[in-house]
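Below you'll find the structure, written out as structure tokens, and then a few comments.
The values are calculated or read from the model by the stated rules, or taken from the named source; none is laboratory data. Values in this document were obtained by computation on a predicted structure and should not be read as measured data. Neighbour counts are summed over all protein chains in view; Cβ atoms, including those assigned to glycine, are modelled from backbone coordinates with ideal geometry. When the accessible area is computed, the model is the full protein with side chains, heavy atoms only, and any ligands, DNA or RNA have been set aside. Shrake-Rupley method; radii C 1.70, N 1.55, O 1.52, S 1.80 Å.
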Amino acid sequence: MDKKRVVVVGAGVSGLAVCKHLLERGCHPVVFEAGSVLGGVWARAPDCTLLQTPRPMYQYSDFPWPESVTEMFPDHRQVAAYLDAYARHFGVLGCVRFGHRVVGMEYDGVAEKAMAAWEEWAGNGQAFGSGDGEWRLSVADAEGRVEIHTADFVVLCIGRFSGVPNIPTFPAGKGPEAFDGQVIHSMEYAKMGTIKAKEMIKGKRVTVIGYLKSALDIASECAEVNGTAHPCTMVVRTKHWIIPDYFAWGVHISKLYLNRFSELLIHKPGEGFLLSLLATLLTPLRWAFSKFAESYYSIPMKKYDMVPDHSLFDALAACLIAITPKDHYKRLEEGSIVLKQSKTFSFCKDGVLVEGESSPIKSDIVIFGTGFKGDEKIKDIFTSEYFQSIAVGSTSTTVPLYRECIHPKIPQLAVIGYSESIANLYTSDIRAKWLAHFMDGGFRLPNITAMQKDVLEWEKYMKRYSGQYFRRSGIAILHTWYNDQLCCDMGCNPRRKKGFFKELFEVYGPGDYVDLCPKKE
């Protein structure tokens with residue numbers, strides 16, 4: 001691989017892992033990073049943003065956290081420092097070209113009609129195909145100058161929580177244009193930096209739209225700055241499971257949802273008749289686990305009528321839970337944060353109109369904490385209408401990625417970090433090792449038909465358990481089953497623990513894959 005031209009797009013948690021594993025294989029990729037620092041979403045975040053995953057689960061398998069970090073949920077500065085240390089330790093920094101944004105990509109050398117007729121991925125099932133095709137990337141530097149770069153393989157590590165904000169649509173005259181105040185997205189808020197952001201909200205009436213991670217963090221920051229003098233109003237369109245920690249009645253919920261035993265309670269892609277029968281028979285136990293945890297977490301939620309309509313299990317399947325910022329319920333109690341439930345909302349001159357109230361929520365600033373369109377970011381990077389039409393599927397399908405990494409119809413390209421898991425960094429690390437092994441000739445991909453069949457199996461699973469959120473491609477509650485498939489592809493034993501009971505009831509994490517040594521076919 002040392003002579004192959006490989007480009008990695010993005011220097012966040014996934015891009016760093018991909019670069020590191022490729023360097024170990026003798027490949028020297030170029031990493032294009034649009035920002036001026038590495039770390040992706042961790043490079044800029046509200047001051048109170050903490051890790052949502054327990055620290056031992058959020059680390060690279062071969063790079064533990066420093067002993068100086070003892071918090072179970074480190075803050076965003078500690079995470080950014082950890083990622084920087086990882087990049088420096090493994091020589092990744094030398095590959096990164098900061099301030100370089102990939103603005104377009106096209107595949108050259110093979111006609112689209114010929115590609116569409118291929119039975120094998122890239123023509124032969126191998127990473128670099130037959131050698132007839134290559135990617136041409138248009139890359140803009142910080143001054144806007146565009147250069148063309150060619151690559152034999154491209155890895156998209158552009159994430160799903162940045163870049164393209166998800167902005168609600170409004171009828172004419174009911175959107176932000178009707179409002180006399182300022183309207184921004186959480187992405188813009190984070191880019192300001194803590195000092196400027198706090199200056200902007202100080203003494204202002206702020207309304208935050210949303211009730212997940214970014215919305216909660218921004219509301220918490222507003223409450224800290226303005227207190228009860230200028231309460232922050234949160235417009236909650238969908239109630240979510242916002243929990244203080246991962247313990248319910250003294251039991252860590254990973255014991256209920258995130259081990260091999262819990263996966264026996266779920267219908268899995270490609271499981272076979274016996275496992276399917278077992279999952280059906282054990283469905284009542286899965287329901288009981290969820291009710292047990294919900295009975296604890298819902299206690300503070302009931303006071304504010306914020307118990308979600310969906311189960312905690314459904315939320316975990318879709319990776320739609322969040323840890324409450326410090327003192328969240330205290331701030332609700334004192335009134336520095338005010339909740340307004342409304343499925344719809346619109347703007348007027350003085351602020352935001354919600355259902356059931358004749359007068360608006362008077363506002364100076366409205367901040368959308370409404371998430372991002374990660375799939376649009378993938379789609380828009382291609383210049384070809386053909387690739388744009390197939391890259392992310394349709395609104396009725398999942399994003400069609402084999403092993404959540406490879407599009408069956410797009411050659412010499414991988415996507416790492418799109419689907420969500422128990423801990424995205426940990427999953428990206430294993431995916432990066434899998435991808436580097438594949439690119440180094442460690443194994444061949446199945447034919448396109450077999451890959452598409454597998455994609456449909458996972459789509460069926462996601463639609464069954466994630467409901468309307470199936471396009472988030474969440475694999476959290478099947479992360480071990482998923483990792484097993486990657487291990488088998490690499491010729492490694494997927495059973496990483498010692499002893500039957502540990503294998504069945506302990507949670508798998510980064511430490512179980514420290515000595516994962518892929519083998520060539």
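A few notes on this one:
- Considering residues of region 280-300 that are under 26 Å from the mean Cα position of the chain (by Cα) and of a type in the set (A, V, I, L, M, F, W, C) only, the residue most open to solvent (accessible area, probe 1.4 Å): 289
- Of the residues 138, 220, 162, the single one that is of a type in the set (Ser, Thr, Tyr) and more than 30 Å from residue 345 (Cα to Cα) is 138.
Yes/no matrix, rows are residues, columns are (1) at pLDDT below 95; (2) among the small types (Gly, Ala, Ser); (3) assigned to a helix (DSSP H, G or I):
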position	(1), (2), (3)
388	no, no, yes
400	no, no, no
411	no, no, no
428	no, yes, yes
449	no, no, yes
481	no, no, yes
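- Matching residues in region 377-418 - criterion: being farther than 20 Å from residue 162 by Cβ, hydrophobic (A, V, I, L, M, F, W, C) and either surrounded by fewer than 20 Cβ atoms within 10 Å (Cβ to Cβ) or in contact with a Ser or Thr (Cβ under 8 Å, 6 or more places away or on another chain) (or both): 390
- Among the residues of region 259-272, at least one is crowded, with 20+ Cβ neighbours inside 10 Å, modelled with pLDDT of 95 or more, of a type outside the set (A, V, I, L, M) and out of contact with any strand residue (DSSP E or B) (no Cβ under 8 Å at 6 or more places or on another chain).
- Cβ separations smaller than 6 Å between residues 6+ apart or across chains give the following pairs from region 346-357 residues that are among the basic types (Lys, Arg) to residues that are modelled with pLDDT of 95 or more: 349/180.
- Checking residue 156 against (1) within 17 Å of residue 416 (Cα to Cα); (2) more than 26 Å from the chain's Cα centre (by Cα), the condition it does not meet: (2)
- Among residues of region 139-163 being in contact with a Ser or Thr (Cβ under 8 Å, 6 or more places away or on another chain) and open to solvent by less than 30 Å² (accessible area, probe 1.4 Å), the one that is farthest from residue 185 (Cα to Cα) is 157.
- Among the candidates 81, 122, 117, 85, the residue that is at positive phi and over 19 Å from the mean Cα position of the chain (by Cα) is uniquely 122.
- Matching residues, region 482-521, being touching a residue at least 24 places away in the same chain (Cβ under 8 Å), open to solvent by 60 Å² or more (accessible area, probe 1.4 Å), more than 14 Å from residue 258 (Cα to Cα) and of a type outside the set (A, V, I, L, M): 517, 519, 520, 521
- Residues that are open to solvent by less than 10 Å² (accessible area, probe 1.4 Å) and under 13 Å from the mean Cα position of the chain (by Cα), drawn from region 419-435: 419, 423, 425, 426, 427, 428
- Test: residue in region 50-57 that is hydrophobic (A, V, I, L, M, F, W, C), more than 21 Å from the chain's Cα centre (by Cα) and open to solvent by less than 40 Å² (accessible area, probe 1.4 Å): no
- When restricted to residues that are farther than 23 Å from residue 325 by Cα, of a type outside the set (A, V, I, L, M), touching a residue at least 40 places away in the same chain (Cβ under 8 Å) and not in a strand (DSSP E or B), region 65-118 contains 9.
- Residue in region 345-358 that is farthest from the chain's Cα centre (by Cα), counting only those that are modelled with pLDDT under 95 and either in a strand (DSSP E or B) or within 21 Å of residue 180 (Cβ to Cβ) (or both): 358
- In the set (1) under 24 Å from residue 433 (Cα atoms); (2) free of Cβ contacts under 8 Å to residues at least 40 places away in the same chain, residue 127 fails one condition alone, (2).
- Some residue of region 458-477 being assigned to a loop (DSSP other than H, G, I, E, B), over 15 Å from the mean Cα position of the chain (by Cα) and more than 26 Å from residue 506 (Cβ to Cβ): no
- The listed residues are 92, 8, 96, 69, and the only one of them that is of a type in the set (A, V, I, L, M) and surrounded by fewer than 17 Cβ atoms within 10 Å (Cβ to Cβ) turns out to be 69.
- Cβ-Cβ contacts under 7 Å between residues 6 or more apart (or on different chains), taken from a first residue in region 17-44 that is touching a residue at least 12 places away in the same chain (Cβ under 8 Å) and closer than 14 Å to residue 101 by Cβ to a second residue that is open to solvent by 40 Å² or more (accessible area, probe 1.4 Å) and outside any loop (DSSP other than H, G, I, E, B), are listed as 30/97; 31/97; 32/97; 33/97; 33/98; 34/101; 35/98; 36/98.
- Residue under evaluation residue 227, criteria (1) loosely packed, with under 15 Cβ neighbours inside 10 Å; (2) over 30 Å from residue 162 (Cα atoms), criterion not met: (2)
- For region 322-367, the candidate set comprises residues that are out of contact with any Lys or Arg (no Cβ under 7 Å at 6 or more places or on another chain), within 14 Å of residue 230 (Cα to Cα) and small (Gly, Ala, Ser); within that set, the residue that is most open to solvent (accessible area, probe 1.4 Å) is 335.
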